[in-house]
Amino acid sequence: MTPSTLRKAALGGVAATIFGAGAALAHHGWAWVSEDPFILVGTIDEIYLGNPHALLRVTADDGQWDVDLAPPAATAAAGFVEGVAAIGDTVTAYGHRSLDPDDLTMKAVRIEVNGGTYDVYPDLTDPFDTM
Amino acid sequence: MGWLEALADWPVAEALRASFYAYPLVNVAHILGFILLVGGIAPVDLRLLGAWRSIPLTAFARVLEPMAAVGLVLAVGAGFLLFSVKPEEYAANTPFLIKVGLVAAGTANALLQRFSAGWKEAVRGGPVPAAVKARAVLSLAIWLGALTAGRFIAFLD
């Protein structure tokens, strides 16, 4: 191999590692969550639809969780807007939880509430499509 | 705290909260502000500590002092707007509180430096006194610390 071919191969290898398995979550802001699919069911205590990103506070069996949704534009594009959910509603959140077992926080890619399904991160819902 | 609640109810804060474009743009202004601030102050500090000795300090000061000053005003102004979106939450965020403390300390240090007799001597071409160098080291440490604390706001409580 010539030096330049070797360099291209090396860069290709690095790129493959970065964009390879599990890299769906390798973008900005997801480093702190587990790659494993996670489902939370609970009742909504609070709904915040604003910047920097939308958020639900949900009481589940093991306590009160912070369920991070997407920034306002993406959350609204998914259909999750004012009025589709209310405090007290039961919600199922599909996504990925904090790697810290004591931290009751998760990032949701899909939420189900009141018969509606809202894919706030539609590119990341594949693991949950069979559920 | 009453004033935090009142700030959250400010119509500008409400508009930023709901916006798709304005909030990210205020973020841009904040980032541009601290780019100009840190990018302006760091070369001056390094010059005070002996870098680029062949270039007069006064040249650095003339270009970079206005840059840093504009940067500080922009960063603080945009920062206040960002803060208003979730005042109670940010006021309870440790990295945020550390950052505000560091920004205050950095500003005080910069003003002390700028109006010190040692600076005036150095800018006229004289030697850089030890006190001025000490404040330059402090400046680099403080602004790097503020930058770090600021980034951690999103990652830690």
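The values are calculated or read from the model by the stated rules, or taken from the named source; none is laboratory data. As the structure is a prediction and not an experimental result, all values here were calculated from the model. Cβ sites come from the backbone with ideal geometry, for glycine too, and all protein chains shown count toward neighbours.
For region B:77-95, the criterion of being of a type in the set (Phe, Trp, Tyr) and within 14 Å of another protein chain (Cβ to nearest Cβ) is satisfied by at least one residue.
Quick one: is residue B:43 within 9 Å of chain A (Cβ to nearest Cβ), out of contact with any Lys or Arg (no Cβ under 7 Å at 6 or more places or on another chain) and part of a helix (DSSP H, G or I)? Answer is no for this residue. Out of curiosity, is residue A:108 part of a strand (DSSP E or B) and in contact with a strand residue (DSSP E or B) (Cβ under 8 Å, 6 or more places away or on another chain)? Yes. Every condition in (1) surrounded by 12 or more Cβ atoms within 10 Å (Cβ to Cβ); (2) under 24 Å from residue A:51 (Cβ atoms) holds for residue B:6 except the one numbered (1).
Tell me whether region A:52-62 contains one or more residues that are within 12 Å of chain B (Cβ to nearest Cβ), aliphatic (A, V, I, L, M) and closer than 26 Å to residue B:82 by Cβ. Within region A:52-62 (the criterion being within 12 Å of chain B (Cβ to nearest Cβ), aliphatic (A, V, I, L, M) and closer than 26 Å to residue B:82 by Cβ), the answer is yes, since at least one residue qualifies. Across region A:30-51, what is the total count of residues that are free of Cβ contacts under 8 Å to residues at least 60 places away in the same chain and either farther than 14 Å from residue A:111 by Cα or within 14 Å of chain B (Cβ to nearest Cβ) (or both)? Residues in region A:30-51 being free of Cβ contacts under 8 Å to residues at least 60 places away in the same chain and either farther than 14 Å from residue A:111 by Cα or within 14 Å of chain B (Cβ to nearest Cβ) (or both): 8 in total.
Quick grid of which residues meet (1) within 14 Å of chain A (Cβ to nearest Cβ); (2) in contact with a Ser or Thr (Cβ under 8 Å, 6 or more places away or on another chain):
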site	(1), (2)
B:108	no, no
B:111	no, no
B:132	no, yes
B:145	no, no
B:151	yes, no
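Looking across region B:4-28, the residues that are touching a residue at least 40 places away in the same chain (Cβ under 8 Å) and more than 14 Å from every other protein chain (Cβ to nearest Cβ) come down to B:4, B:5, B:7. The residues of region A:50-70 that are touching a Leu at 6+ places or on another chain (Cβ under 8 Å) and either assigned to a strand (DSSP E or B) or of a type in the set (A, V, I, L, M, F, W, C) (or both), listed by number, are A:54, A:55, A:56, A:58, A:60, A:63, A:64, A:65, A:66, A:67, A:68, A:69.
Could you go through region A:69-81 and let me know if any residue there is in contact with a Ser or Thr (Cβ under 6 Å, 6 or more places away or on another chain) and either of a type in the set (Asp, Glu) or surrounded by 15 or more Cβ atoms within 10 Å (Cβ to Cβ) (or both). Among the residues of region A:69-81, at least one is in contact with a Ser or Thr (Cβ under 6 Å, 6 or more places away or on another chain) and either of a type in the set (Asp, Glu) or surrounded by 15 or more Cβ atoms within 10 Å (Cβ to Cβ) (or both), which makes the answer yes. Taking region B:73-131 as the region of interest, the helices (runs of 4 or more DSSP H) fully inside it that hold 3 or more residues being modelled with pLDDT of 95 or more and within 15 Å of the chain's Cα centre (by Cα) are B:94-114.
Looking across B:101, B:71, B:50, one residue alone is farther than 23 Å from residue B:157 by Cβ, more than 14 Å from chain A (Cβ to nearest Cβ) and surrounded by fewer than 18 Cβ atoms within 10 Å (Cβ to Cβ). It is B:50.
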